[in-house]
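A.B. asks: Handing you a structure now.
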Amino acid sequence: MRVVLLGAPGAGKGTQCKRIVERYGLLHLSSGDILRQQRAAGTELGKKAQSYMDSGALVPDEVIVGMMVDAISKASADGFVLDGFPRTVNQADELDKSLALNGEKIDIVINLNVDEQIVVERITGRRSCPECGAVYHIKNMKPKVEGKCDKDGAELIQRPDDTAEVIANRIENYHLQTAPVVGYYKNNNTVYDIDANKDADEVLALIFDSLDALVKA
Ligand code: AP5
């Protein structure tokens, strides 16, 4: 199963992907997480991405496409779920071309629709674990002990690009560059539009319905 999860910044892509992979045994490939790992490791790719990420701009396609095609090539036959990629129509086109070389294609696209005000609340309240990547929210998904990761007890942090000014840029770039990717897929693939304003468990149930329909087909 090759799945793409689309949605604005803070829509809940990462949160839902972690649950999807538990049920279907897919590889979770988050372009944002891979870029943050590259930055933490001080690689050339991480250094190239730094200024774009810090300002809320998209990292250039030529950097992203190679990185993600390489990551996808390491997925097992069970498949993968892409989170944060593709984010431009050009990235989607390059991904399709790369998969087609092996006779493969994206099987299903899930588009998480969230109102802008909710997106801002979700991003500003997000806290993450620098050790294991677990994601929490100060109101919606609180850790058991305030400020500490449930899994490893590490001090939770706020992402540096989760400030008001950078969030505004990320949302603007989403509308300009990423929203057209939904249209691209609607012309070529099965796209499920999901109301992701709901509680995380309700959103997950809708995602499972879509994926189960694909598994049974
Ligand atoms: P990336 O890390 O991909 O950031 P993003 O798309 O802005 O998405 P987020 O990680 O902010 O949100 P999410 O949808 O995963 O939400 P989450 O589940 O955490 O990218 C960062 C940067 O890297 C980009 O700005 C760009 O520079 C670069 N980049 C990455 N990919 C790129 C690409 N392909 N091309 C070019 N550049 C790229 O949830 C958010 C919060 O809400 C959490 O606190 C969570 O607990 C809470 N929450 C989630 N769901 C719910 C719910 N249903 N109800 C209540 N709370 C909820």
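The values are calculated or read from the model by the stated rules, or taken from the named source; none is laboratory data. This structure is a prediction, so every number in the text was calculated from the model and none was measured. Cβ: placed from backbone, ideal geometry, glycine included. Neighbour counts: every protein chain shown. Each accessible area value is taken on the protein alone, full model and side chains, heavy atoms only, with ligands, DNA and RNA left out. Shrake-Rupley method; radii C 1.70, N 1.55, O 1.52, S 1.80 Å.
A.B. asks: Per-residue accessible area for Asp209 at 1.4 Å probe radius, Å² rounded to 10?
C.D. replies: Approximately 100 Å² of Asp209 is accessible to the 1.4 Å probe.
A.B. asks: Send over the Kirkwood Rh of the chain, from the inverse of the averaged 1/r over different Cα pairs, rounded to one decimal Å.
C.D. replies: On the way: mean 1/r = 0.0563 Å⁻¹.
Taking every pair of different Cα atoms in the chain, averaging 1/r and inverting gives 17.8 Å.
A.B. asks: Taking the full set of protein chains and a 1.4 angstrom probe, give the accessible area of Met1 in square angstrom, rounded to the nearest 10.
C.D. replies: Per-residue accessible area (Met1): approximately 40 Å².
A.B. asks: May I ask you to derive the FRET efficiency for Glu146 and Arg23 from their Cβ-Cβ distance with R0 = 35 Å, giving the value to the nearest 0.05? Don't skip to the answer; put the middle values down first.
C.D. replies: Working: r = 30 Å, r/R0 = 0.85.
Result of the calculation: an efficiency of 0.75.
A.B. asks: For Lys151, which lysines qualify as cross-link partners when the Cα separation must be under 30 Å and same-chain residues fewer than eight apart are set aside?
C.D. replies: List returned: Lys13, Lys18, Lys47, Lys74, Lys139, Lys142, Lys198.
A.B. asks: For the chain, what is the accessible area per residue in Å² when the probe is 1.4 Å?
C.D. replies: Details: 11020 Å² over 217 residues.
Here the per-residue accessible area is 51 Å².
A.B. asks: Right, something else. What is the extension gain from Asn188 to Leu99, computed as 0.36 nm multiplied by their sequence separation minus the C-alpha to C-alpha distance, in nm to one decimal?
C.D. replies: Values: separation 89, 0.36 × 89 = 32.04 nm, distance 1.40 nm.
Length gained, Asn188 through Leu99: 30.6 nm.
A.B. asks: Could you please report the charge total around Glu94, scoring K, R as +1 and D, E as -1 over all other residues with beta-carbon less than 12 angstrom from its beta-carbon?
C.D. replies: Its environment carries a net charge of -2.
A.B. asks: On to the next question. Please list the non-local residues whose amide H lies under 5 Å from the amide H of Leu6, H modeled 1.01 Å from N, same-chain partners needing a gap of 5 or more.
C.D. replies: Ile110, Asn111, Leu112
A.B. asks: Report the local net charge at Pro180: Lys and Arg +1, Asp and Glu -1, summed over other residues whose C-beta lies under 12 Å from its C-beta.
C.D. replies: Taking every other residue near Pro180 into account, the sum is +1.
A.B. asks: If you add up the charges near His137, with Lys and Arg at +1 and Asp and Glu at -1, over every other residue whose beta carbon is less than 10 angstrom from its beta carbon, what do you get?
C.D. replies: Numbers: positive: Arg122, Arg126, Arg127, Lys139, Lys142; negative: Glu121.
Summing Lys and Arg as +1 and Asp and Glu as -1 gives +4.
A.B. asks: Determine Rg/Rh for region 1-52; Rg is computed over alpha-carbon atoms and Rh is the Kirkwood hydrodynamic estimate from the same atoms. Present the calculation step by step, with values, prior to reporting the outcome.
C.D. replies: Details: Rg = 13.0 Å, Rh = 12.4 Å.
Over the Cα atoms of region 1-52, Rg/Rh equals 1.05.
A.B. asks: Which percent, nearest 5, of DSSP beta bridges in region 2-216 are antiparallel? Numbers along the way, then the final one.
C.D. replies: Details: 6 of 24 bridges.
Percentage antiparallel, nearest 5: 25.
A.B. asks: Once every DSSP H run of n ≥ 4 in the chain is given -39500 (n - 2.57) and the sum is divided by its residues, what mean residue ellipticity at 222 nm do you get, rounded to the nearest 500 deg cm²/dmol? Don't skip to the end; give the middle numbers.
C.D. replies: On the way: 9 runs with 106 residues, N = 217.
Value at 222 nm, helices only, nearest 500: -15000 deg cm²/dmol.
A.B. asks: Now a separate question. On the accessible surface of the chain, probed at 1.4 Å, how many percent belong to carbon and sulfur atoms? Could you put the intermediate results ahead of the total?
C.D. replies: On the way: 5520 of 11020 Å².
Carbon and sulfur: 50 percent of the exposed surface of the chain.
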